[in-house]
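Take a look at the structure set out below.
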Amino acid sequence: MNGNNPTDINDIDALAGEYVLGTLSASARAAVEARMHSEPTLREAVQAWEARLLPLTVLALPQEPSPALWPRIERSIGNVAEPGKKATPVRPSAVSGWWNNLRLWRGLAAGGFAAAALMVAVLVMRPPPTPQYMVVLVAPQDKSPGWVIQTTSSRQLSLVPLGTFEVPPQKTLQFWTKADQWRGPVSLGLVKQGQALRIPIDKLPPLEPNQLFELTLEPENGSPIDRPTGPIQFIGRAVKVM
């Protein structure tokens, strides 16, 4: 890879962003971690993304862990201390700890649209070279964030869950979008519970600011017509971050 090629640098930055946000598959994430040992540019890009996103943790109030927390963690990872030596708690790394920070996501849920605006502002701090969009889908009832949509310079749109959502039996979530001038919404597919959905941008209608995205509750095989038939579970509009 030629480190002087702007396209390569942009691809590295996008990959680092997806890694820190946690939108990569397990195999892709392992590949990034292996590359970071020998690619300083990728390692620095990951550290930069962490520095931009870690301030979101201020949204969550500090919580005092129970005395049994670290012993339970030690037992779960098999970290048994040698006789006569005090065990050293193994704390999560900054890379994995950010995405798995329960306090952070509780804070985001409590912050509602304010948290969504902050997430957009963080990404604007270092905009990518190609147009990008971000959407935070919130529950209509309490405006709590439930999903994040982002586009990347790798020409993908990712729908990423921020938590768990119970889908009733024989029902499914269906992903829709509609721009202001369109005659009707377009289905982007069915969403598996607790799993991210990635769609090549080339297979989508052109994206534009203020474009509507929503998840509706539909029959298990999806809407029987080319329109939503069930209630809206999460909804949001696209914000252009470049």
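The values are calculated or read from the model by the stated rules, or taken from the named source; none is laboratory data. Nothing here was measured: the structure is a model prediction, and the numbers come from that model. Every residue, glycine as well, gets a Cβ built from its backbone with ideal geometry; the counts of neighbours run over all protein chains shown.
One residue is enough: does the range 173-184 have a residue meeting the conditions farther than 26 Å from residue 152 by Cβ, at pLDDT 90 or above and in contact with a strand residue (DSSP E or B) (Cβ under 8 Å, 6 or more places away or on another chain)? No, the range 173-184 contains no residue that is farther than 26 Å from residue 152 by Cβ, at pLDDT 90 or above and in contact with a strand residue (DSSP E or B) (Cβ under 8 Å, 6 or more places away or on another chain). Of the helices (runs of 4 or more DSSP H) that lie entirely inside the range 1-88, those containing 3 or more residues that are out of contact with any Pro (no Cβ under 7 Å at 6 or more places or on another chain) and modelled with pLDDT under 65 span 6-21.
For (1) surrounded by fewer than 11 Cβ atoms within 10 Å (Cβ to Cβ); (2) aromatic (Phe, Trp, Tyr); (3) modelled with pLDDT of 85 or more, each residue gets a yes or a no:
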position: 195; (1), (2), (3): yes, no, no
position: 221; (1), (2), (3): yes, no, yes
position: 227; (1), (2), (3): no, no, yes
position: 231; (1), (2), (3): yes, no, yes
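Just to check your reading of the model, which residue among 170, 174 is crowded, with 16+ Cβ neighbours inside 10 Å, out of contact with any helix residue (DSSP H, G or I) (no Cβ under 6 Å at 6 or more places or on another chain) and of a type outside the set (Phe, Trp, Tyr)?
When all the criteria are applied, what remains is 174.
Scanning the range 183-242 for residues that are of a type outside the set (Ser, Thr, Tyr), in a strand (DSSP E or B) and without any contact (Cβ under 8 Å) to a residue 60 or more places away in the chain yields 186, 188, 189, 190, 191, 197, 199, 200, 212, 217, 218, 219.
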